[in-house]
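First comes the structure, then the notes that go with it.
The values are calculated or read from the model by the stated rules, or taken from the named source; none is laboratory data. Fair warning: this is a prediction, and the values are worked out from it, not measured in the lab. Because the Cβ atoms are built from the backbone with ideal geometry, glycine has one as well, and the counts that use them run over all protein chains shown.
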Amino acid sequence: MTQKVLITPRTFGTIDSKPIKLLRDQDYELIFNPHGRLLTEEELINLISDVVGVIVGLDPMTAKVLNSAKKLKIISKYGVGVDNIAVDCATQKKIMVTNTPGANSLAVAELTFGLILDVARQITFSDRRLRQNQWGKCYGFELNGKTLGLIGTGRIGREVAVRAKGFGMRIIGYDLKPDLEWARTVGVAYMSLDRLLSSADIISLHVPLAEGTYHLISSRELALMKRSAILINTARGGIVDEDALFQALHNKEIAGAGLDVYENEPSADSLLRSLDNVVLTSHIGSHTFESISRMGWMAAENLVAGLSGKRPPYLLNP
């Protein structure tokens, strides 16, 4: 009997068809996302009952979904963060969970720096004004000599550090597992979170969303930041308390922010949209041709390995 594989990400195989060919060469029956958007919990339940593998993006792979999957053997994340997957439940049910580490690091790091430049030089703000026939000068600040605070110094944080060095920035970092050898080589000073928040001109978030990082940045942390500082988040929306951030931006307690991720996505009714001192993008961090191609291939390889009785290259759970 043909084994069924569910593919939820809309971009899977669109840039490079090789991942789809790899799956079809295994004679899997491929079921593609029929809605053209993130699937809901109920929609996943309706689709997943008899599939053996899932390639998933940001769709909610909750315990309820997993308990309805009678044949599921592997969840292959098309991306890095697995906060949308009930990993503990999957482990209990002996369902493998994999991801694609490093596939989108360059893409996210480059978007991060794009947001830094945009907010620092008020590029989008100037664009908005010009489109409204307002010819005025917007004053920003130079990056050279400024202090960049990296919260999280994993793959993406390190790529951001490389780019910051090219702009002549001083780099400070906070990480629960600091890599002192890397820090010495690159010239990064590790310090406490509070000290970083009060010292940095630009703060960029690069940690996964987990119980310990939910609302890591809230009203208390925002109050520690300089009034001239900007906050960049290309990691996960839940790391920042959006209500507290809105108040800080609205009251000019910090100078600005650049966000690619939100607590609820799509963020249709976010109050942040009403502010001029924040640049918003629609979770496009990994959306480059190169990154999409890498993620697709790695996700497909993980799935094929798992369903073939082999250990997937990027297995996350026992």
Completion exercise
Selection over region 118-153 where residues are in a loop (DSSP other than H, G, I, E, B), modelled with pLDDT of 95 or more and charged (D, E, K, R) yields a count of 2
Problem - Residue check for residue 306: over 25 Å from residue 233 (Cα atoms) and crowded, with 22+ Cβ neighbours inside 10 Å - result: yes
Practice task
Please work out which one of (1) closer than 26 Å to residue 312 by Cα; (2) of a type outside the set (A, V, I, L, M); (3) at pLDDT below 95; (4) touching a Phe, Trp or Tyr at 6+ places or on another chain (Cβ under 7 Å) is the condition residue 99 fails and give its number.
Solution key: (3)
Exercise for the section: Being under 26 Å from residue 81 (Cβ atoms) and buried (at least 17 other Cβ atoms within 10 Å of the Cβ) narrows it down to one of 161, 210, so name that one. Expected result: 161
Fill in the blank from the handout: Of those in region 233-245 that are crowded, with 18+ Cβ neighbours inside 10 Å and free of Cβ contacts under 8 Å to residues at least 60 places away in the same chain, the residue farthest from residue 273 (Cα to Cα) is 239
Problem - Flag for residue 206 being at positive phi and within 19 Å of the chain's Cα centre (by Cα) - result: no
Handout entry: Which numbered condition residue 154 fails, given (1) surrounded by fewer than 20 Cβ atoms within 10 Å (Cβ to Cβ); (2) farther than 23 Å from residue 281 by Cβ
Key = (2)
Practice task
For region 91-104, name all the residues that are surrounded by fewer than 22 Cβ atoms within 10 Å (Cβ to Cβ) and touching a residue at least 24 places away in the same chain (Cβ under 8 Å).
Solution key: 91, 93, 101, 102
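Listed here are the residues, each with its yes/no results for (1) closer than 30 Å to residue 164 by Cβ; (2) at pLDDT below 95; (3) buried (at least 16 other Cβ atoms within 10 Å of the Cβ).
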| position | (1), (2), (3) |
| --- | --- |
| 41 | no, no, no |
| 45 | no, no, yes |
| 53 | no, no, yes |
| 65 | no, no, yes |
| 75 | no, no, yes |
| 78 | yes, no, yes |
| 89 | no, no, yes |
| 116 | yes, no, yes |
